[in-house]
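Below you'll find the structure, written out as structure tokens, and then a few comments.
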Amino acid sequence: MRYFIFENCSSRTIFLWIIYFIIIACAVLPHGLKTPLSYSKGNLACTPELTQSHFPCQSPVPLLPESTNADIIRIYQLNDQASVARAVKQTVESGQWVKMQSPPGMQAIQVFFYWISPTLPIAGIMALITTALWASVFTQIAWIVSPSRATSLLAFVIPLFLLPIEEFNWLTRIGILNTEPLQISFFLLGLGSLYSAVSRTRYRLAAVAGVLFALSAYIRDQTDFVMSVVALLFLLYFIWRMSRQTYRFSFSAAKHALTTSPWLAAIACCLLAYHGATFPYRIANHGHWVDSPNNPVWTLVWQKKENVSPELQYVVADGGVVGCELDPELCDYIYARRAAAGGEVFSSKQLMRFTITSFLHHPLRWLNAKSRIFLKSWFDGSPLSIVVSVMLLALLGVFVQRRDDCHALLKFFLLSTIIGVTAPFLLVHIEPRYILLLRMSIIYSAIMAMSLKLHEEK
């Protein structure tokens, strides 16, 4: 336990975790077990106070902590939460795993509890798991800010500033049946463990970070894409570093590059642990993490707006139906083939290739349209968007001035996260919840950069 998530699993740390757990639980369930966690009708999830925000609401039906698998299916109907609940039910009843268009983590958790009893309150259990993970994140922040005294006032108070934020409310209550709350909490725990590995020169923590990133990827494939960017940038930088020092590639040059850059060695350990933890599932899934080419999102890219069904109109607003506007010639060809065949003639894989080809032929059109949609989603009326943007600018200023190992790690990982989160949206639609990982990573990086400054002044 000593190297799992925290640097010191003393009784003081456990006490601090319990305090945070109670505080978050009270924020999630202010009225006890009768507190509605979320509201939904069809494919729209919300709470009354968010009716006018970027989380739309329409004739809400409450999701209570006591809601079972059957209740989730009834409440969410056409939403992703109901799809997972149906897959869970079919998996347990048939004895065969029902494959979905997402990693198996969230489904596996619910399958376990449904297997114990179909009447267990899945919503309450997921709220409990989510609260426990975010209590762990808060405790880790406390250790990062003040490793010698985790209960110091500053270390204790800093995580609590997240509580009133609308996005944190979504991550701990409204969206508990979505993948983002577990994904982001595991990701932040991994990032904090990686930072501790460099700041304390304990590479076992880097391996722990890799496992935590793997758990995040098993929940949501966005993390796997971010880690792929990390691996690519690491490889490019590592090759450049070796060639710069010795002008040749050898084992001794690689060893020298790692021994003289602790942050580089920590990322290497992290990537080895990550791919070791994800290798079994990747092999079982024939080398893929998710079956992206068969994702129906590629069909939506090449739909005309007037042909999109009412329940998918949010995809239009989020920039997922832009192919016909940006490349009308290719769109006319696709529609002509569909008309001749009397239906859809292209597979999702073919439409994905059309999308990539169109982007390569008309990059400025796609970048212009997608950047406007991304900025609209980023500055969505939430005060946090302004705060996070200021934090990002401040971090860029710090990174230019400071070049020690800890700052190099933060700079490298934040760049990888920015690319990994934003790159897919050049082709497909973006929803506000899709960029929560980037926002929370910026906040976490800012806290760690502040911690470095505080430690210098002691």
Centre separation in Å (Cα based) which lies between the stretch 381-429 and the stretch 226-242: 17
Local net charge near Leu29, Cβ-Cβ under 15 Å (Lys/Arg +1, Asp/Glu -1): +1
Label-to-label distance, nm, for residues given as Leu360 and Leu78 (7 Å Cα→Cβ offset): 3.6
Rounded to whole Hz, the Karplus (6.51, -1.76, 1.60) HN-Hα couplings of the stretch 338-351, x for glycine and proline: 5, 5, 5, 8, x, x, 6, 10, 9, 7, 4, 5, 5, 5
Burial ordering of Ser416, Ser228, Ser441, Ser348, fewest other beta-carbon atoms within 10 Å first: Ser228, Ser348, Ser416, Ser441
Partner lysines for Lys89 [C-alpha distance under 23 Å; skip if fewer than 8 residues away on the same chain]: Lys41, Lys99
Surrounding net charge for Leu171, when Lys and Arg each add one and Asp and Glu each subtract one, Cβ distance under 15 Å: 0
Helix-only CD estimate at 222 nm, as mean residue ellipticity for the chain, using -39500 (n - 2.57) per DSSP H run (n ≥ 4): -21000 deg cm²/dmol
Using distinct alpha-carbon pairs, which all enter the 1/r mean, Kirkwood radius of the chain in Å: 23.6
Gain in span if fully extended, Ile239 to Leu396, counting 0.36 nm per residue against the direct Cα distance: 54.1 nm
Unit charges at the beta carbon, dipole of the chain: most positive-side option, Leu33, Ala217, Trp298: Ala217
Highest-first arrangement of 357-364, 172-179, where packing means the average Cβ count within 10 Å: 172-179, 357-364
Sequence of Lys305, Lys89, Lys376 once ranked by neighbouring C-beta atoms within 10 Å, starting from the fewest: Lys305, Lys376, Lys89
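None of the figures in this text is laboratory data; all of them are computed from the coordinates on show. These numbers come from a predicted model, not from an experiment. Quick reminder, even Gly has a Cβ in these numbers, built from the backbone with ideal geometry, and neighbours come from all protein chains shown.
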